[in-house]
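Following: one structure in C-alpha cells, then a few remarks.
The values are calculated or read from the model by the stated rules, or taken from the named source; none is laboratory data. A quick note: this is a predicted structure, and the numbers were derived from the prediction, not measured. Cβ placement follows ideal geometry from the backbone for every residue including glycine, while neighbour counts extend to all protein chains displayed.
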Amino acid sequence: MTMNAARIDTTPEPLIRLKGVRKVYRTGTREFVAVSDVTMDVNEGEMVSLVGPSGCGKSTLLKILAGLHDAEEGEVRIGNATSAFTPGRDVGMVFQQALLLKWRTILQNVILPAQILGLARREAEARARELLAMVGLSGFETKYPYELSGGMQQRAAIARALVHDPKLILMDEPFGALDALTREKMNLEMLRIWGESRKTIIFVTHSIQEAVFLGSQCAVLTAGPARMADHFPIDLPHPRTLDMKATPEFGAYTKRIYHLLGMG
Ligand SMILES: Nc1ncnc2c1ncn2[C@@H]1O[C@H](COP(=O)(O)OP(=O)(O)OP(=O)(O)O)[C@@H](O)[C@H]1O
C-alpha cells in the first residue's frame, strides 16, 4: 500500500490579510474614496508603520482593522487557524491623546478595559501593575493623570491598551502631541515594549523617520487619490539605536518614502 504523505507547510499564516481593500464615505449623493488598493499581509509579532499625509485614510484603515467600519471592496481577514480573532476582545487602541479618566488613578485607568470586558479583578490588577512596571511607571499606581507628564500619560495609555492581552494593538499617531525629545525617547521605549510584549502592532504616523525607525514593515499611503502606494519590510537590525538614523541604510528608506509621497 502506498501512502501519500501530506506536505506539511510550516510557514505561519499571517495574522492579518488585506487584499484590494477600499473604503468609500457617502454624504448624500456624493462619494469620497477614503482609502483604496490596500494589500498587505501582517505576521504575528510584527510592528507595521502606516505613514502618509493628512487625509490619506490611515485612521480609516485602523477603523476597518478594529471592526468599526466595513470595507467597501476587497478582503479583510484577521486571525488564522491557530489564533482566532474577536475585535471587541482582541484589539487594544492608543490615540494621539492619552484620554485617561481624570477622576481615576493611573492603576484604575489601566484596569478599565479589563473591567469593561468583565475579566477577573485580581488578575487584571496584577497584570496592570506588571504593565505599569514595563512602561516605566512603577510607583505611579495611585497618582492621578494630572500628576504625570504627557509622555508618562501616553505610557499609561499603552499599558491600558495591553491590559486585556489583546492580539492586535492599533496606535493612531500616539506620540504626535509630544515634544520632539520626548518623542525620540518614546520611540526607544516603544521598541523595548514591543520586544517584551511580542504584540502585533499597527502604528500610524505622519513622521517618515518614526515610520522607518519603528517598523518591521512600512506601508505608505498617499492622498489624492487615497491609496496604498507601497509596502515593504524595514530590514534594519535590532536593537535599533538613535545613531542608526544617520546611516545610509536608514537614509535609503526615508528617501524611498519621500519619493513615494512625491517629495523626492
Ligand atoms: N465619517 C466620515 N464621513 C465622511 N468622510 C470622512 C469620514 N471620516 C473620514 N472622512 C474623510 O476621509 C478621508 C480620510 O480620513 P482619515 O481620517 O482616514 O485620514 P487620515 O490619513 O487618518 O488623516 P489624518 O492624518 O489627518 O488623521 C479624509 O478626507 C476625511 O475627511
Failed criterion for residue 26 (all others in (1) touching a Lys or Arg at 6+ places or on another chain (Cβ under 6 Å); (2) surrounded by fewer than 20 Cβ atoms within 10 Å (Cβ to Cβ) hold): (1)
Criterion first (touching a residue at least 24 places away in the same chain (Cβ under 8 Å), among the charged types (D, E, K, R) and in the same structural domain as residue 25 (by TED's automatic domain parsing)) does residue 249 satisfy it? no
If residue 213 satisfies all but one of (1) outside the structural domain of residue 59 (by TED's automatic domain parsing); (2) crowded, with 20+ Cβ neighbours inside 10 Å, what's the number of the condition it fails? (1)
Taking the stretch 38-58 only, how many residues are surrounded by fewer than 20 Cβ atoms within 10 Å (Cβ to Cβ) and within 14 Å of the ligand (Cβ to nearest atom)? 3
Exception for residue 223 within (1) touching a strand residue (DSSP E or B) at 6+ places or on another chain (Cβ under 9 Å); (2) within 16 Å of the ligand (Cβ to nearest atom); (3) within 20 Å of residue 60 (Cβ to Cβ) falls at (1)
Subset of the stretch 139-175 that is at pLDDT below 95 and surrounded by fewer than 18 Cβ atoms within 10 Å (Cβ to Cβ) - its residue that is nearest to residue 113 (Cα to Cα): 165
Residue hits (the stretch 49-65; part of a strand (DSSP E or B) and either at positive phi or in contact with a Gly (Cβ under 6 Å, 6 or more places away or on another chain) (or both)) are 49
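Condition check ((1) under 12 Å from residue 98 (Cβ atoms); (2) of a type in the set (A, V, I, L, M)) across all residues:
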{"position": "144", "(1), (2)": "no, no"}
{"position": "150", "(1), (2)": "yes, no"}
{"position": "159", "(1), (2)": "yes, yes"}
{"position": "166", "(1), (2)": "no, no"}
{"position": "174", "(1), (2)": "yes, no"}
{"position": "178", "(1), (2)": "yes, yes"}
{"position": "183", "(1), (2)": "no, no"}
{"position": "189", "(1), (2)": "no, no"}
{"position": "195", "(1), (2)": "no, no"}
